[in-house]
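A short write-up of the structure that comes next.
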Amino acid sequence: MPLWVLAMGVRNWPEDWQIRLIQLLAVPGLMVAFYLLLYHNGNLIDACTASSWDDCGKVSGPDAPYSSIGPIPVALIGLVGYAVIFLLTWLKDWWLLLDDYSPELIVGLTGFAFLFSLGLTALELFVINAICRFCLVSAAIITIMFVLAISYLRSFSGEAIGEAAD
Amino acid sequence: MAKGSEDAPVTIVEVSDYGCNHCKNFNVETAGLIEDLYVKPGQVKWVVMPYALGPQTAPAATAALCAAEQDRFFEYHRRLFDTQGDPDFMSAASFRQVAEDSGLDLEAFNACLQDNDYNNTVQENIMAATALGVNSTPTFFVNDMMIRGNQPLTSFQQQINAIVGVSDGG
(Lines give C-alpha, C1' and ligand atoms only; values in the text may rest on other atoms or scores of the structure.)
Protein backbone atom coordinates (compact mmCIF):
# COMPACT_ATOMS: atom_id res chain seq x y z
CA MET A 1 0.00 0.00 0.00
CA PRO A 2 1.47 3.42 -0.89
CA LEU A 3 2.52 5.72 1.93
CA TRP A 4 0.30 8.55 0.69
CA VAL A 5 -2.69 6.30 1.13
CA LEU A 6 -1.66 5.54 4.70
CA ALA A 7 -1.04 9.24 5.30
CA MET A 8 -4.57 10.01 4.12
CA GLY A 9 -5.86 7.58 6.71
CA VAL A 10 -7.71 5.48 4.17
CA ARG A 11 -8.71 2.20 5.73
CA ASN A 12 -9.51 -1.03 3.98
CA TRP A 13 -7.61 0.08 0.90
CA PRO A 14 -7.67 -2.94 -1.45
CA GLU A 15 -4.41 -4.82 -1.85
CA ASP A 16 -4.83 -4.67 -5.61
CA TRP A 17 -5.44 -0.89 -5.62
CA GLN A 18 -3.38 -0.58 -8.82
CA ILE A 19 -5.86 -2.86 -10.61
CA ARG A 20 -8.81 -0.82 -9.32
CA LEU A 21 -7.19 2.37 -10.61
CA ILE A 22 -6.49 0.74 -13.99
CA GLN A 23 -10.13 -0.33 -14.12
CA LEU A 24 -11.21 3.20 -13.25
CA LEU A 25 -8.91 4.72 -15.90
CA ALA A 26 -10.31 2.38 -18.53
CA VAL A 27 -13.62 4.27 -18.35
CA PRO A 28 -12.31 7.68 -19.54
CA GLY A 29 -10.08 5.70 -21.92
CA LEU A 30 -13.15 4.12 -23.47
CA MET A 31 -14.84 7.51 -23.73
CA VAL A 32 -11.84 9.13 -25.43
CA ALA A 33 -11.48 6.21 -27.86
CA PHE A 34 -15.19 6.33 -28.65
CA TYR A 35 -14.97 10.06 -29.31
CA LEU A 36 -12.00 9.51 -31.64
CA LEU A 37 -13.90 6.76 -33.45
CA LEU A 38 -16.87 9.09 -34.00
CA TYR A 39 -14.39 11.72 -35.18
CA HIS A 40 -12.77 9.27 -37.56
CA ASN A 41 -16.15 8.26 -38.96
CA GLY A 42 -16.98 11.91 -39.62
CA ASN A 43 -19.89 11.96 -37.15
CA LEU A 44 -18.58 15.05 -35.41
CA ILE A 45 -18.62 18.39 -37.16
CA ASP A 46 -15.32 20.11 -36.94
CA ALA A 47 -12.99 22.53 -38.58
CA CYS A 48 -9.30 22.91 -39.22
CA THR A 49 -7.63 25.43 -36.96
CA ALA A 50 -4.97 28.02 -37.67
CA SER A 51 -2.59 26.24 -35.34
CA SER A 52 -0.90 23.58 -37.40
CA TRP A 53 0.02 21.63 -34.27
CA ASP A 54 -3.40 20.99 -32.79
CA ASP A 55 -5.51 19.37 -35.46
CA CYS A 56 -7.37 16.13 -34.78
CA GLY A 57 -8.46 16.18 -38.42
CA LYS A 58 -4.92 15.60 -39.62
CA VAL A 59 -4.36 12.88 -37.03
CA SER A 60 -7.66 11.05 -36.76
CA GLY A 61 -9.93 12.52 -39.42
CA PRO A 62 -11.64 10.35 -42.05
CA ASP A 63 -8.99 11.22 -44.65
CA ALA A 64 -5.99 11.21 -42.34
CA PRO A 65 -3.48 8.74 -43.81
CA TYR A 66 -2.35 7.30 -40.47
CA SER A 67 -5.77 7.09 -38.82
CA SER A 68 -6.31 3.47 -39.91
CA ILE A 69 -4.27 0.31 -40.08
CA GLY A 70 -5.58 -1.23 -43.25
CA PRO A 71 -9.37 -1.08 -42.96
CA ILE A 72 -9.30 -0.87 -39.14
CA PRO A 73 -9.48 2.60 -37.57
CA VAL A 74 -6.80 3.18 -34.92
CA ALA A 75 -9.53 4.56 -32.64
CA LEU A 76 -11.38 1.24 -32.86
CA ILE A 77 -8.19 -0.59 -31.84
CA GLY A 78 -8.01 1.76 -28.85
CA LEU A 79 -11.65 1.17 -27.99
CA VAL A 80 -11.23 -2.61 -28.09
CA GLY A 81 -7.98 -2.33 -26.10
CA TYR A 82 -9.60 -0.33 -23.29
CA ALA A 83 -12.57 -2.72 -23.28
CA VAL A 84 -10.25 -5.73 -22.94
CA ILE A 85 -8.30 -4.07 -20.12
CA PHE A 86 -11.53 -3.22 -18.31
CA LEU A 87 -12.91 -6.74 -18.73
CA LEU A 88 -9.66 -8.33 -17.62
CA THR A 89 -9.50 -6.27 -14.43
CA TRP A 90 -13.15 -7.09 -13.74
CA LEU A 91 -13.13 -10.77 -14.65
CA LYS A 92 -10.06 -11.52 -12.54
CA ASP A 93 -12.22 -11.10 -9.45
CA TRP A 94 -14.44 -13.96 -10.61
CA TRP A 95 -12.11 -16.23 -12.47
CA LEU A 96 -9.33 -17.62 -10.28
CA LEU A 97 -7.19 -18.88 -13.14
CA LEU A 98 -7.23 -15.41 -14.65
CA ASP A 99 -6.42 -13.94 -11.25
CA ASP A 100 -3.26 -16.05 -11.01
CA TYR A 101 -1.93 -14.68 -14.26
CA SER A 102 -3.49 -11.24 -14.12
CA PRO A 103 -0.30 -9.29 -13.22
CA GLU A 104 1.57 -10.62 -16.24
CA LEU A 105 -1.46 -10.29 -18.50
CA ILE A 106 -2.14 -6.71 -17.47
CA VAL A 107 1.50 -5.72 -17.78
CA GLY A 108 1.56 -7.34 -21.21
CA LEU A 109 -1.60 -5.64 -22.38
CA THR A 110 -0.81 -2.19 -21.01
CA GLY A 111 2.82 -2.56 -22.14
CA PHE A 112 1.71 -3.29 -25.70
CA ALA A 113 -0.77 -0.40 -25.53
CA PHE A 114 2.00 1.86 -24.18
CA LEU A 115 4.34 1.00 -27.06
CA PHE A 116 1.47 1.42 -29.54
CA SER A 117 0.66 4.87 -28.08
CA LEU A 118 4.33 5.79 -28.09
CA GLY A 119 4.52 4.93 -31.80
CA LEU A 120 1.38 6.93 -32.57
CA THR A 121 2.64 9.95 -30.63
CA ALA A 122 5.97 9.76 -32.50
CA LEU A 123 4.01 9.67 -35.78
CA GLU A 124 2.07 12.76 -34.73
CA LEU A 125 5.21 14.67 -33.76
CA PHE A 126 7.62 13.66 -36.49
CA VAL A 127 5.57 12.53 -39.51
CA ILE A 128 2.13 14.13 -39.41
CA ASN A 129 3.47 17.31 -37.75
CA ALA A 130 0.24 17.76 -35.83
CA ILE A 131 -1.15 16.54 -32.55
CA CYS A 132 -4.64 15.63 -31.42
CA ARG A 133 -5.22 16.50 -27.77
CA PHE A 134 -7.58 13.54 -27.33
CA CYS A 135 -4.88 11.15 -28.56
CA LEU A 136 -2.50 12.69 -26.03
CA VAL A 137 -5.05 12.19 -23.25
CA SER A 138 -5.34 8.55 -24.30
CA ALA A 139 -1.54 8.19 -24.36
CA ALA A 140 -1.35 9.68 -20.85
CA ILE A 141 -4.02 7.25 -19.57
CA ILE A 142 -2.16 4.30 -21.09
CA THR A 143 1.15 5.45 -19.59
CA ILE A 144 -0.38 5.69 -16.10
CA MET A 145 -2.00 2.27 -16.58
CA PHE A 146 1.35 0.75 -17.56
CA VAL A 147 3.10 2.24 -14.53
CA LEU A 148 0.31 0.95 -12.26
CA ALA A 149 0.50 -2.48 -13.90
CA ILE A 150 4.24 -2.70 -13.24
CA SER A 151 3.68 -1.59 -9.67
CA TYR A 152 1.04 -4.31 -9.28
CA LEU A 153 3.33 -6.95 -10.79
CA ARG A 154 6.10 -5.98 -8.37
CA SER A 155 3.83 -6.09 -5.33
CA PHE A 156 2.33 -9.38 -6.51
CA SER A 157 5.81 -10.87 -7.00
CA GLY A 158 6.81 -9.61 -3.56
CA GLU A 159 3.79 -11.30 -1.99
CA ALA A 160 4.55 -14.53 -3.83
CA ILE A 161 8.15 -14.50 -2.62
CA GLY A 162 6.95 -13.77 0.92
CA GLU A 163 4.49 -16.64 0.79
CA ALA A 164 7.18 -18.99 -0.57
CA ALA A 165 9.55 -17.97 2.25
CA ASP A 166 6.85 -18.65 4.83
CA MET B 1 -14.61 34.20 -57.11
CA ALA B 2 -18.36 34.00 -57.43
CA LYS B 3 -21.13 32.11 -59.12
CA GLY B 4 -24.87 32.57 -59.11
CA SER B 5 -27.14 35.50 -59.64
CA GLU B 6 -25.89 38.97 -58.74
CA ASP B 7 -29.45 39.71 -57.60
CA ALA B 8 -29.66 36.71 -55.26
CA PRO B 9 -31.08 37.67 -51.84
CA VAL B 10 -28.47 35.54 -50.08
CA THR B 11 -24.72 35.65 -50.50
CA ILE B 12 -22.66 32.86 -49.00
CA VAL B 13 -18.94 33.44 -48.68
CA GLU B 14 -16.85 30.30 -48.21
CA VAL B 15 -13.45 30.70 -46.57
CA SER B 16 -11.52 27.50 -47.26
CA ASP B 17 -8.02 26.14 -47.02
CA TYR B 18 -6.97 23.61 -49.65
CA GLY B 19 -5.06 21.55 -47.09
CA CYS B 20 -8.05 21.27 -44.74
CA ASN B 21 -9.87 17.94 -44.84
CA HIS B 22 -13.06 19.49 -43.46
CA CYS B 23 -13.10 21.94 -46.37
CA LYS B 24 -12.69 19.03 -48.74
CA ASN B 25 -15.51 17.14 -47.04
CA PHE B 26 -17.78 20.17 -47.27
CA ASN B 27 -17.04 20.55 -50.97
CA VAL B 28 -17.61 16.86 -51.64
CA GLU B 29 -20.73 16.43 -49.49
CA THR B 30 -22.62 19.72 -49.29
CA ALA B 31 -21.44 22.33 -51.80
CA GLY B 32 -23.03 20.53 -54.77
CA LEU B 33 -26.37 20.26 -52.98
CA ILE B 34 -26.41 23.97 -52.17
CA GLU B 35 -25.54 24.74 -55.77
CA ASP B 36 -28.40 22.63 -57.12
CA LEU B 37 -30.97 23.79 -54.56
CA TYR B 38 -30.13 27.45 -54.20
CA VAL B 39 -27.41 28.77 -56.52
CA LYS B 40 -28.84 27.56 -59.83
CA PRO B 41 -32.39 28.75 -58.98
CA GLY B 42 -30.94 32.19 -58.25
CA GLN B 43 -31.53 32.36 -54.51
CA VAL B 44 -27.89 32.26 -53.51
CA LYS B 45 -24.76 33.87 -54.84
CA TRP B 46 -21.78 31.70 -53.89
CA VAL B 47 -18.44 33.38 -53.25
CA VAL B 48 -15.20 31.56 -52.47
CA MET B 49 -12.35 33.32 -50.77
CA PRO B 50 -9.09 31.42 -51.33
CA TYR B 51 -7.46 31.45 -47.93
CA ALA B 52 -4.64 29.64 -46.14
CA LEU B 53 -4.36 28.69 -42.48
CA GLY B 54 -0.58 28.65 -42.79
CA PRO B 55 2.28 29.16 -45.23
CA GLN B 56 2.22 25.48 -46.26
CA THR B 57 -1.12 25.81 -48.04
CA ALA B 58 -0.83 29.38 -49.35
CA PRO B 59 0.64 28.21 -52.72
CA ALA B 60 -2.54 26.21 -53.38
CA ALA B 61 -4.67 29.31 -52.88
CA THR B 62 -2.37 31.18 -55.27
CA ALA B 63 -2.73 28.38 -57.84
CA ALA B 64 -6.54 28.54 -57.54
CA LEU B 65 -6.41 32.26 -58.24
CA CYS B 66 -4.27 31.55 -61.30
CA ALA B 67 -7.03 29.22 -62.51
CA ALA B 68 -9.54 32.03 -61.96
CA GLU B 69 -7.65 34.07 -64.57
CA GLN B 70 -8.94 31.56 -67.10
CA ASP B 71 -12.49 31.52 -65.69
CA ARG B 72 -12.04 27.95 -64.45
CA PHE B 73 -11.84 28.69 -60.76
CA PHE B 74 -14.62 26.44 -59.50
CA GLU B 75 -13.49 23.49 -61.61
CA TYR B 76 -9.95 23.91 -60.29
CA HIS B 77 -11.20 24.50 -56.72
CA ARG B 78 -13.05 21.16 -56.68
CA ARG B 79 -10.24 19.20 -58.32
CA LEU B 80 -7.64 20.67 -55.97
CA PHE B 81 -9.52 19.25 -52.98
CA ASP B 82 -9.58 15.86 -54.72
CA THR B 83 -5.76 15.74 -54.63
CA GLN B 84 -5.70 16.12 -50.83
CA GLY B 85 -3.85 13.22 -49.29
CA ASP B 86 -1.53 12.73 -52.28
CA PRO B 87 2.06 12.87 -51.02
CA ASP B 88 2.98 15.86 -53.23
CA PHE B 89 -0.36 17.63 -53.35
CA MET B 90 1.13 20.95 -52.29
CA SER B 91 3.75 20.94 -55.05
CA ALA B 92 3.84 22.99 -58.24
CA ALA B 93 3.80 19.72 -60.22
CA SER B 94 0.52 18.73 -58.57
CA PHE B 95 -0.98 22.19 -59.21
CA ARG B 96 -0.01 21.85 -62.89
CA GLN B 97 -1.54 18.39 -63.08
CA VAL B 98 -4.81 19.71 -61.67
CA ALA B 99 -4.64 22.58 -64.18
CA GLU B 100 -4.21 20.09 -67.02
CA ASP B 101 -7.12 17.98 -65.73
CA SER B 102 -9.24 21.12 -65.50
CA GLY B 103 -8.54 21.99 -69.12
CA LEU B 104 -6.55 25.14 -68.40
CA ASP B 105 -4.05 26.78 -70.76
CA LEU B 106 -0.93 25.35 -69.13
CA GLU B 107 1.45 27.95 -70.51
CA ALA B 108 -0.53 30.81 -69.03
CA PHE B 109 -1.08 28.90 -65.80
CA ASN B 110 2.63 28.13 -65.40
CA ALA B 111 3.54 31.75 -66.07
CA CYS B 112 1.07 32.86 -63.41
CA LEU B 113 2.47 30.35 -60.89
CA GLN B 114 6.07 31.31 -61.59
CA ASP B 115 5.38 35.01 -61.33
CA ASN B 116 3.58 34.55 -58.00
CA ASP B 117 0.98 36.94 -59.31
CA TYR B 118 -1.50 36.30 -56.51
CA ASN B 119 0.66 35.95 -53.41
CA ASN B 120 -0.41 39.38 -52.25
CA THR B 121 -4.08 38.62 -52.95
CA VAL B 122 -3.89 35.53 -50.74
CA GLN B 123 -2.22 37.54 -47.98
CA GLU B 124 -4.91 40.21 -48.30
CA ASN B 125 -7.59 37.51 -48.09
CA ILE B 126 -5.96 36.12 -44.94
CA MET B 127 -5.86 39.56 -43.32
CA ALA B 128 -9.44 40.34 -44.33
CA ALA B 129 -10.71 36.99 -43.05
CA THR B 130 -8.78 37.35 -39.78
CA ALA B 131 -10.27 40.81 -39.29
CA LEU B 132 -13.73 39.23 -39.65
CA GLY B 133 -12.93 36.69 -36.94
CA VAL B 134 -11.98 33.71 -39.09
CA ASN B 135 -9.56 31.42 -37.27
CA SER B 136 -10.61 28.05 -38.64
CA THR B 137 -11.79 26.55 -41.89
CA PRO B 138 -14.20 26.10 -43.43
CA THR B 139 -15.92 29.27 -42.28
CA PHE B 140 -18.96 30.68 -44.03
CA PHE B 141 -20.76 33.98 -44.05
CA VAL B 142 -24.42 33.67 -44.95
CA ASN B 143 -25.02 37.35 -45.56
CA ASP B 144 -23.74 38.63 -42.18
CA MET B 145 -24.14 35.41 -40.22
CA MET B 146 -20.93 33.48 -39.56
CA ILE B 147 -21.07 29.68 -39.65
CA ARG B 148 -18.01 27.77 -38.51
CA GLY B 149 -17.05 24.25 -39.54
CA ASN B 150 -18.23 21.66 -42.01
CA GLN B 151 -21.92 22.07 -41.31
CA PRO B 152 -24.61 19.91 -42.88
CA LEU B 153 -26.98 21.19 -45.54
CA THR B 154 -29.73 21.80 -42.96
CA SER B 155 -27.66 24.48 -41.20
CA PHE B 156 -27.42 26.43 -44.44
CA GLN B 157 -31.06 25.80 -45.27
CA GLN B 158 -32.16 27.28 -41.96
CA GLN B 159 -30.18 30.45 -42.57
CA ILE B 160 -31.18 30.76 -46.21
CA ASN B 161 -34.86 30.13 -45.51
CA ALA B 162 -34.82 32.64 -42.67
CA ILE B 163 -33.36 35.32 -44.94
CA VAL B 164 -35.51 34.51 -47.96
CA GLY B 165 -38.60 34.36 -45.74
CA VAL B 166 -37.81 37.78 -44.29
CA SER B 167 -37.19 39.14 -47.79
CA ASP B 168 -40.47 37.73 -49.08
CA GLY B 169 -42.41 39.08 -46.14
CA GLY B 170 -40.72 42.45 -46.07
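May I ask for the accessible area buried between chains B and A, both sides summed, probe 1.4 Å, to the nearest 100 Å²?
Its buried surface, counting both partners, is about 1000 Å².
Can you give me the orientation-averaged projected area of the convex hull built on the Cα atoms of chain B, in nm²?
That works out to 9.5 nm², a quarter of the Cα hull's surface.
If you keep only loop residues by DSSP, which GluC sites (Glu not before Pro) in the stretch B:1-74 have at most 12 other Cβ atoms within 10 Å of their Cβ?
Taking the stretch B:1-74 and a limit of 12 other Cβ atoms within 10 Å, the loop GluC sites (Glu not before Pro) found are B:E6.
Given the C-alpha centroids of the stretch A:13-36 and the stretch A:84-101, what is the distance between them in whole angstrom?
Result: 14 Å between the Cα centres.
B:K45's amide H: which non-local residues (gap 5+, or another chain) put their own amide H closer than 5 Å, with H modeled 1.01 Å from N in plane and none for Pro or chain starts?
Hits under the 5 Å cutoff: B:V10, B:T11, B:I12.
Using a 1.4 Å probe on the protein chains only, how many percent of the accessible area of the stretch A:46-139 belongs to carbon and sulfur?
Answer for the stretch A:46-139: carbon and sulfur cover 76 percent of the accessible area.
Hey, can you list the residues from the stretch A:46-95 whose accessible area shrinks by 40 Å² or more with all protein chains present, relative to the chain by itself (probe 1.4 Å, no ligands or nucleic acids)?
So the qualifying set is A:D46, A:A47, A:C48, A:A50, A:D63.
Using a 1.4 angstrom probe on protein heavy atoms only, which residues from the stretch B:22-43 are buried by at least 10 Å² of accessible area when all chains are present rather than their own chain alone?
Buried by the other chains: B:H22, B:K24, B:N25.
Reachable lysines from B:K24, Cα under 25 Å, same-chain residues fewer than 8 places away excluded?
Once the sequence-local lysines are set aside, what remains near B:K24 is A:K58, B:K3, B:K40, B:K45.
Got a number for carbon plus sulfur as a percent of the stretch B:2-169's accessible area, 1.4 Å probe?
C and S fraction of accessible area: 49 percent.
Could you tell me how far the Cα centroid of the stretch B:68-88 sits from the Cα centroid of the stretch A:104-139, in Å?
35
Given a 1.4 angstrom probe, what's the average accessible area per residue across the stretch B:2-169, in square angstrom?
Normalised by residue count, the accessible surface of the stretch B:2-169 is 45 Å².
Normalise the Cα radius of gyration of the stretch A:42-166 by 2.2 N^0.38 Å (N = residues in it) and let me know the number.
So the Cα radius of gyration is 1.32 times the expected 2.2 N^0.38 Å.
The values are calculated or read from the model by the stated rules, or taken from the named source; none is laboratory data. Keep in mind that this is a model prediction, so the values were computed, not measured. Every residue, glycine among them, receives a Cβ derived from its backbone with ideal geometry; neighbour counts consider all protein chains shown. Heavy atoms of the whole protein, side chains included, go into the accessibility calculation; ligands, DNA and RNA do not. Shrake-Rupley method; radii C 1.70, N 1.55, O 1.52, S 1.80 Å.
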